[in-house]
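Down below is the structure, laid out as structure tokens.
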Amino acid sequence: MTAAKICGLSTPETVTAAVKAGTRFVGFVFYPPSPRDVSAAKALVLAADVPPGVGKVGLFVDPSDADLDAVLTDVPLDFVQVHGVSDPNRLRAIRERAGLPLIVAQAVSSAADVDAGLAYAGIADMLLFDAKPAAGGGLPGGNGVAFDWRLLAGRRIPVPWMLAGGLTPDNVAQAIMLTGAKMVDVSSGVESAPGIKDAGAIHAFVEAAGVNPL
């Protein structure tokens, strides 16, 4: 079976929809430029609707210690997901400060990018392979852009990992088949508009990924 993560949730209704669909992880974005950004206070309310057994993931982009503390002091996260940090020492420091399992996101457009991500296997508890944003713009994730999934085919990845980037209910089964992914992550692919999740699309995605609903 494939585990699904629905990222960028921002309303109680869509959190409930994700949980009922059978998602294994829910993601909250703490990055103001994103249309999916939520405050720590809002995330605390959303987290209250997440039952035990569903991992609560906080997404940060190159966070300072103050950024982390502002969220982790109040929000009961289970994982910290970090984008935009390549320094191994900083990643170790983030993991230690958070005191939580660390998901390191690697932007991919080439085989060399996959290799770069594998170098974090000794630091990260989990890797996330996402599509690299277009040159000169774009958010670190949630852009609805896919990379060549064949870059992951046959790769030996020594830690658990997720596939992200341009996944939708229509293509997730193919992506799983090509990559062998055991976990998939979606954000914009289940939205009716930027930052607006669609409950029907969430259910369709989880079903297409082969996850049994609760």
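Quick notes
- Under the simplified labelling scheme, the ASP37-VAL145 pair shows an inter-label distance of 2.1 nm, with each label point 7 Å from Cα along Cα→Cβ.
- Sites ALA111 and ALA173 - FRET efficiency at Förster radius 30 Å, r taken between beta-carbons, to 0.05: 0.80
- Here the contact order of the chain, divided by its residue count and restricted to Cα pairs under 8 Å and six or more residues apart, works out to 23 percent.
- The count of lysine pairs in the chain with alpha-carbon distances below 22 Å, taking only pairs 8 or more places apart or on different chains, stands at 15.
- Estimated distance in nm for a label pair at ALA70 and ASP125, the labels positioned 7 Å out from Cα along Cα-to-Cβ: 2.4 nm
- Summed over qualifying helices (DSSP H, 4 residues or more, each -39500 (n - 2.57)) and divided by its residue number, the chain shows a 222 nm mean residue ellipticity of -8500 deg cm²/dmol.
Quick note: the coordinates plus some simple rules give every number you see, no bench work behind them. Just so you know, these numbers come straight off a predicted model, no measurement behind them. As a convention, Cβ positions derive from the backbone with ideal geometry for all residues, glycine included, and neighbour counts pool all protein chains shown.
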